[in-house]
Amino acid sequence: MKNTFKAVPVTEDVWWVGAIDWNIRDFHGYQTRRGSTYNAYLIVADKITLIDTVKAPFREEMMARIASVIDPGKIDYIVSNHSEMDHSGALPEVIAALNPKKVFASAVGAKTLKELFLIDREITAVKDGETLSLGNRTLTFMETRMLHWPDSMFSYLNDEELLFSQDAFGMHYASVERFADECDPAVLTYEAATYYANILLPYSPLVLKLIEKVTAAGLSFRIIAPDHGPIWRKETGGIIGSYAKWAAQKPEAKAVVVYATMWRSTEKMARAISEGLAAGGLHAKLMEMGAAHRSDVAYELLGAGLLAVGSPTLNNHLLPNIADVLTYLKGLKPKNLIGAAFGSYGWSGEAVKEIEEVLVEMKVEKAGEVIRVKNVPNAETLSRCYELGKTMAEKVHCRL
Ligand code: FEO
């Protein structure tokens with residue numbers, strides 16, 4: 001049978017041999033509406049080297065793409081930049097089928113791969129800055145611990161100035177185009193930012209340090225080849241600059257109002273607050289958690305200066321979808337936010353206090369009064385909500 005899965009040339013010696021997952025819609029809580037790709041790369045050097053693999057069900061697709069360039073049995077080395085299963089799921093079977101001379105990973109990666117897959121063969125641990133000769137080509141390894149797993153590392157193909165960046169600089173975007181310059185720039189900006197907000201945000205201080213480190217080392221990147229989404233082969237400084245901006249988390253004139261509602265009382269409060277925020281000169285985004293997804297909230301919060309959260313009380317607690325989004329946001333550790341809690345209640349009214357407690361845990365600085373209303377907000381209460389929005393907007397402007 002003729003092979004329908006082809007490799008795509010990235011340079012003369014480097015081929016994309018990954019897989020396209022058009023249908024994935026959830027990545028541990030992050031909604032991936034445009035699917036994803038699992039990028040693996042083949043370096044056809046004197047020592048033929050495979051960089052990363054794919055999610056287990058896509059192994060045949062990857063093997064077919066490799067076979068469109070070389071006999072897969074000729075692969076000498078496999079490098080695992082990141083042991084999360086979307087990149088290493090196919091690794092045990094690939095190792096068993098091809099028996100490469102060596103498999104490389106970071107020290108933590110070598111241990112993690114053994115723990116995840118009970119691989120019964122040696123994985124060679126490499127150190128930060130260590131080089132590997134592929135004969136006519138050289139790879140340099142760079143540890144990127146906690147970006148976003150403890151095992152993560154980059155591999156840099158010196159001669160081509162090509163960075164294999166595993167999850168970093170990637171996005172969840174399934175498309176037939178393999179290069180960023182072939183895609184709609186608006187989609188790339190949105191998906192790269194959504195990916196950063198949902199995956200890398202908690203590690204922003206490490207992202208800034210890494211950018212400083214590679215800048216100080218004077219490394220240049222002609223091509224950045226991530227493990228998800230399109231490959232950057234033009235103006236790679238653009239995506240690095242975006243990472244520096246997102247990681248800095250400098251507040252902008254932007255606010256996010258997140259709420260849930262039972263009988264529209266909390267919704268009326270949310271709308272009045274957002275009117276006040278807008279009157280105060282902020283771009284206010286109102287997000288009702290029955291309509292919005294938690295990963296959309298994470299995206300909107302990137303660069304926001306304010307987070308207001310509202311919930312009515314159900315059985316002495318928050319509404320479940322507010323508990324959901326707060327748990328998610330707490331884990332993402334957004335910085336430099338001010339905010340407020342608000343909500344309505346019928347008789348006990350604990351939800352607002354619960355929101356306040358989470359905002360304190362998230363180090364969201366209190367920006368105004370807490371407004372809690374029994375049953376339905378009257379005109380006076382809605383006016384207070386509006387004024388709260390205006391006051392909070394002034395405070396955001398003071399921090400810009
Ligand atoms: Fe794409 Fe952290 O795996």
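The values are calculated or read from the model by the stated rules, or taken from the named source; none is laboratory data. Being a predicted model, the structure only gives us computed values, none of them experimental. So basically every Cβ, Gly included, is an ideal-geometry build from the backbone, and we count neighbours across all protein chains shown.
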Enumerated helices (runs of 4 or more DSSP H) restricted to the range 244-354, each holding at least 3 residues that are modelled with pLDDT under 95 = none
Where residues in the range 112-128 are more than 17 Å from residue 75 (Cα to Cα) and not in a helix (DSSP H, G or I), which of them is farthest from the chain's Cα centre (by Cα)?
-> 120
Matching entry among 165, 133, 152, 175 (being in contact with a His (Cβ under 6 Å, 6 or more places away or on another chain) and modelled with pLDDT of 95 or more) | 152
Of the residues that sit in the range 8-46 and are outside any strand (DSSP E or B) and under 16 Å from residue 98 (Cβ atoms), which one is nearest to the ligand (Cβ to nearest atom)?
-> 40
Sole residue being in contact with a Lys or Arg (Cβ under 9 Å, 6 or more places away or on another chain) and under 17 Å from residue 43 (Cα atoms), chosen from 125, 107, 90, 64 = 64
Give 360, 352 a once-over and let me know the one that is out of contact with any Ser or Thr (no Cβ under 9 Å at 6 or more places or on another chain), in the same structural domain as residue 303 (by TED's automatic domain parsing) and without any contact (Cβ under 8 Å) to a residue 60 or more places away in the chain.
-> 360
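Okay, residues lined up against (1) of a type in the set (Phe, Trp, Tyr); (2) within 30 Å of residue 332 (Cβ to Cβ):
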site: 122; (1), (2): no, no
site: 143; (1), (2): no, yes
site: 149; (1), (2): yes, yes
site: 155; (1), (2): no, yes
site: 165; (1), (2): no, yes
site: 179; (1), (2): yes, yes
site: 187; (1), (2): no, yes
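Residues are listed down the side, and each one gets a yes or a no for (1) within 16 Å of the ligand (Cβ to nearest atom); (2) more than 16 Å from residue 39 (Cβ to Cβ); (3) exposed (fewer than 15 other Cβ atoms within 10 Å of the Cβ):
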{"site": "133", "(1), (2), (3)": "no, yes, yes"}
{"site": "150", "(1), (2), (3)": "yes, yes, no"}
{"site": "172", "(1), (2), (3)": "yes, no, no"}
{"site": "185", "(1), (2), (3)": "no, yes, yes"}
{"site": "194", "(1), (2), (3)": "yes, yes, no"}
{"site": "201", "(1), (2), (3)": "yes, yes, no"}
Taking the range 218-229 and the residues there that are over 24 Å from residue 332 (Cβ atoms) and touching a strand residue (DSSP E or B) at 6+ places or on another chain (Cβ under 9 Å), the one that is nearest to the ligand (Cβ to nearest atom) would be 225
Can you find a residue in the range 93-111 that is within 12 Å of the ligand (Cβ to nearest atom), among the basic types (Lys, Arg) and part of a loop (DSSP other than H, G, I, E, B)?
-> no
Give me the pairs, please: first residue somewhere in the range 1-28 and under 14 Å from residue 160 (Cβ atoms), second residue anywhere and acidic (Asp, Glu) and in a loop (DSSP other than H, G, I, E, B), beta-carbon distance under 6 Å, and either six or more positions apart or on two chains.
-> none
From (1) within 16 Å of the ligand (Cβ to nearest atom); (2) out of contact with any Gly (no Cβ under 7 Å at 6 or more places or on another chain); (3) part of a loop (DSSP other than H, G, I, E, B), pick out the condition that doesn't hold for residue 83.
-> (2)
Lone qualifier among 266, 236 - being closer than 26 Å to residue 86 by Cβ, more than 16 Å from the ligand (Cβ to nearest atom) and either out of contact with any Gly (no Cβ under 9 Å at 6 or more places or on another chain) or not assigned by TED's automatic domain parsing to the domain that holds residue 87 (or both) | 236
In the range 47-80, which residues are away from the ligand (no atom under 16 Å from the Cβ), acidic (Asp, Glu) and under 19 Å from residue 99 (Cβ atoms)?
-> 60, 71, 76
Result of the Cβ filter at 6 Å on the range 158-183, keeping first residues that are assigned to a helix (DSSP H, G or I) and partners that are within 16 Å of the ligand (Cβ to nearest atom), at least 6 apart or interchain, is 180/230
Residues being of a type in the set (D, E, K, R) and either part of a strand (DSSP E or B) or buried (at least 22 other Cβ atoms within 10 Å of the Cβ) (or both) - total across the range 56-80 = 1
Go through (1) outside the structural domain of residue 384 (by TED's automatic domain parsing); (2) away from the ligand (no atom under 16 Å from the Cβ); (3) surrounded by fewer than 20 Cβ atoms within 10 Å (Cβ to Cβ) one by one and return the number of the condition residue 180 breaks.
-> (3)
Could you tell me whether any residue of the range 187-196 is at negative phi, within 9 Å of the chain's Cα centre (by Cα) and among the β-branched types (Val, Ile, Thr)?
-> yes
Picked from the range 15-53 (must be more than 15 Å from residue 94 (Cβ to Cβ) and more than 21 Å from the chain's Cα centre (by Cα)), the residue surrounded by the most Cβ atoms within 10 Å (Cβ to Cβ) is 43
